Amino acid sequence: MDDRVHSEVRRTATEIDTMEIRGAATIADAAARALRTQATESDAADAEAFRAELRATARTLHETRPTAVSLPNALRYVLRDMSSTTVEGLRQNVVDSADEFCARLERAQADLGQVGANRLRDGDTIMTHCHSTDALACVEAAVEQGKHIEAVVKETRPRNQGHITAKRLHELGVPVTLIVDSAARRYLNDVDHVLVGADAVAADGSVINKIGTSGLAVNARERGSPIMVAAQTLKLHPGTMTGHTVDIEMRDTAEVVDDDTLADLGTPTVKNPAFDVTPPRYVDAIVTERGQFPPESIVILMRELFGEGTSEPWAEPSPRAEP
Ligand SMILES: O=C(COP(=O)(O)O)[C@H](O)[C@H](O)COP(=O)(O)O
């Protein structure tokens, strides 16, 4: 890691890498706070050194996990105004932007929750995959509206994020049935909605989320259960408007099988992709803080929010044309 990066920021980067900090929204929040820490603690001698230090910090944070677009979106938001000519001015800009970002993230999740809750009826049962704070915000809002909701929770191998979901739902007073991933199709007969989050949403309406989401969506479509994706606009991937694809993270095979078992099996090749892509035709609605969208129309919202594209959060701004 770059020497200029503060030890607290390095710790955050390591925690994102090892998934103590995980989930797209939580990663974005932690990254914005880390940039704030770097700005507050910086002893850069001048504005140019400060800008270079913050960009190096953004790069370090960005290198942790490749798929959740909320991470570069957060870094870009916090570093969007680096025009001041003094260190104090720049420090203030970064602190203000980080605070604003974290407040907006929280508000967006609450607003999205209201939209998602309107799709859930009293007495509905949902099926979840992985752990998504955006998805849980919908359930929380529905419960606050006085609706009785029940949940079938997939454990989500290999890291069992379904256990976190089960715990949070229990805290909300939602009765939970925990199942192994391969039992999903069997229990789809009993559910009214599949409710998942997203790490990224592409311009064509594809949803990138925890591995297993696409198979679940295909089975749900076959069974006639609507698939709802809770994804605040922070999850929209601007690069996909200009033809970029989303990088799917491959994680350590030790998450799947330990070394001794692997040797006993004759050391087969093991693959551990963390995410997959669900095509838009298997998604009924993408629920955001700006309302719900059929996946095919999400590009309109993306154009409105991002224009025609964005540069990387650490890129030097393009030189302004002289008048
Ligand atoms: O796929 C995951 C988490 O994967 P991992 O555990 O590998 O980070 C979540 O569904 C999304 O990140 C959305 O979460 P949120 O709605 O909280 O942003």
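Would a scan of segment 306-318 turn up a residue that is among the charged types (D, E, K, R), away from the ligand (no atom under 16 Å from the Cβ), within 15 Å of residue 70 (Cα to Cα) and modelled with pLDDT under 95? Don't jump to the end; show me each part of the working.
Looking only at segment 306-318, we keep the residues that are among the charged types (D, E, K, R), and these are 308, 312, 316.
Those left that are additionally away from the ligand (no atom under 16 Å from the Cβ): 308, 312, 316.
When the remaining residues are screened for being within 15 Å of residue 70 (Cα to Cα), the result is 312.
Then drop every residue that is not modelled with pLDDT under 95, which leaves 312.
Within segment 306-318, one or more residues are among the charged types (D, E, K, R), away from the ligand (no atom under 16 Å from the Cβ), within 15 Å of residue 70 (Cα to Cα) and modelled with pLDDT under 95.
So residue 276 clears everything in (1) outside any strand (DSSP E or B); (2) within 16 Å of the ligand (Cβ to nearest atom) except one condition, right? Which one?
Evaluating residue 276 over (1) outside any strand (DSSP E or B); (2) within 16 Å of the ligand (Cβ to nearest atom) leaves (1) as the failure.
Can you pull out every residue in segment 4-17 that is open to solvent by 10 Å² or more (accessible area, probe 1.4 Å), at pLDDT 95 or above and over 16 Å from the mean Cα position of the chain (by Cα)?
First, pick out the residues of segment 4-17 that are open to solvent by 10 Å² or more (accessible area, probe 1.4 Å): 4, 6-8, 10-12, 14-15, 17.
With the extra rule that they be at pLDDT 95 or above, the set shrinks to 6-8, 10-12, 14-15, 17.
6, 7, 8, 10, 11, 12, 14, listed by residue number.
Over 28 Å from residue 248 (Cα atoms) and in contact (Cβ under 8 Å) with a residue 40 or more places away in the chain - does that describe any residue in segment 192-208?
yes
Inspect all residues belonging to segment 282-289 and state whether any of them is at pLDDT 95 or above, in a strand (DSSP E or B), over 14 Å from residue 208 (Cα atoms) and not aliphatic (A, V, I, L, M).
yes
Could you grab me the full set of residues in segment 232-244 that are assigned to a loop (DSSP other than H, G, I, E, B) and either modelled with pLDDT of 95 or more or within 16 Å of the ligand (Cβ to nearest atom) (or both)? Break it down stepwise before answering.
Residues of segment 232-244 that are assigned to a loop (DSSP other than H, G, I, E, B), as a first pass: 232, 237, 243-244.
Of everything in segment 232-244, those that are assigned to a loop (DSSP other than H, G, I, E, B) and either modelled with pLDDT of 95 or more or within 16 Å of the ligand (Cβ to nearest atom) (or both) turn out to be 232, 237.
Identify all residues within segment 156-185 that are over 17 Å from residue 21 (Cα atoms), open to solvent by 40 Å² or more (accessible area, probe 1.4 Å) and part of a loop (DSSP other than H, G, I, E, B); write none if there are none.
Within segment 156-185, 157, 172, 173, 175, 180 qualify.
Name the pairs: first residue in segment 292-314 and surrounded by fewer than 12 Cβ atoms within 10 Å (Cβ to Cβ), second residue among the acidic types (Asp, Glu), Cβ to Cβ under 8 Å, at least 6 apart or on different chains?
Qualifying pairs under 8 Å: none.
Taking only pairs six or more apart or across chains, which ones have beta-carbon atoms under 8 Å, a first residue in segment 62-83 that is under 17 Å from residue 134 (Cα atoms) and free of Cβ contacts under 8 Å to residues at least 60 places away in the same chain, and a second residue that is away from the ligand (no atom under 12 Å from the Cβ) and among the small types (Gly, Ala, Ser)?
Qualifying pairs under 8 Å: 71/31.
Report, by residue number, each residue of segment 207-231 that is open to solvent by less than 10 Å² (accessible area, probe 1.4 Å) and more than 9 Å from the ligand (Cβ to nearest atom).
Passing the criteria: 207, 216, 217, 220, 225, 227, 228, 229.
Give the residue that is nearest to residue 158 (Cα to Cα), with candidates limited to residues of segment 245-260 that are in a loop (DSSP other than H, G, I, E, B) and in contact with a strand residue (DSSP E or B) (Cβ under 8 Å, 6 or more places away or on another chain). Steps first, answer last, please.
In the first step, residues of segment 245-260 are kept if they are in a loop (DSSP other than H, G, I, E, B); the result is 245-249, 251-252, 256-258.
After this cut, where a residue has to be in contact with a strand residue (DSSP E or B) (Cβ under 8 Å, 6 or more places away or on another chain) as well, the list is 246, 248-249, 251.
On the way: 246: 22, 248: 16, 249: 14, 251: 10 Å.
So, considering only residues that are in a loop (DSSP other than H, G, I, E, B) and in contact with a strand residue (DSSP E or B) (Cβ under 8 Å, 6 or more places away or on another chain), the one nearest to residue 158 (Cα to Cα) is 251.
Looking for whichever is out of contact with any Gly (no Cβ under 8 Å at 6 or more places or on another chain) and of a type in the set (Asp, Glu) here; the options are 155, 171, 140. Which one fits? Spell out how you get there, then give the answer.
Values: 155 fails: out of contact with any Gly (no Cβ under 8 Å at 6 or more places or on another chain); 140 fails: out of contact with any Gly (no Cβ under 8 Å at 6 or more places or on another chain).
So the residue among 155, 171, 140 that is out of contact with any Gly (no Cβ under 8 Å at 6 or more places or on another chain) and of a type in the set (Asp, Glu) is 171.
Give the residues of segment 105-133 that are within 15 Å of the chain's Cα centre (by Cα) and of a type in the set (D, E, K, R), sorted by residue number. It would help to see each step written out before you state the result.
Taking segment 105-133 and keeping what is within 15 Å of the chain's Cα centre (by Cα), we get 105-106, 108-109, 112, 129-133.
Hit for segment 105-133 is 106, nothing else.
Give me the pairs: first residue in segment 49-61 and in the same structural domain as residue 88 (by TED's automatic domain parsing), second residue open to solvent by 20 Å² or more (accessible area, probe 1.4 Å) and among the β-branched types (Val, Ile, Thr), beta-carbon distance under 7 Å, and six or more apart or on different chains, which are they?
50/87
Condition first: in a loop (DSSP other than H, G, I, E, B) and among the charged types (D, E, K, R). Now tell me which residues in segment 186-231 satisfy that.
Initial filter on segment 186-231 (in a loop (DSSP other than H, G, I, E, B)): 189-192, 197-199, 202-206, 211-212, 224-226, 231.
The answer is 190, 192, 199, 204.
The values are calculated or read from the model by the stated rules, or taken from the named source; none is laboratory data. Computed from a predicted model, the values in this text were never measured in an experiment. Heads up, the Cβs are rebuilt from the backbone with ideal geometry, glycines too, and the neighbour counts pull from every protein chain shown. Calculation scope for accessible area: heavy atoms of the full protein, side chains included, ligands and nucleic acids excluded. Shrake-Rupley method; radii C 1.70, N 1.55, O 1.52, S 1.80 Å.
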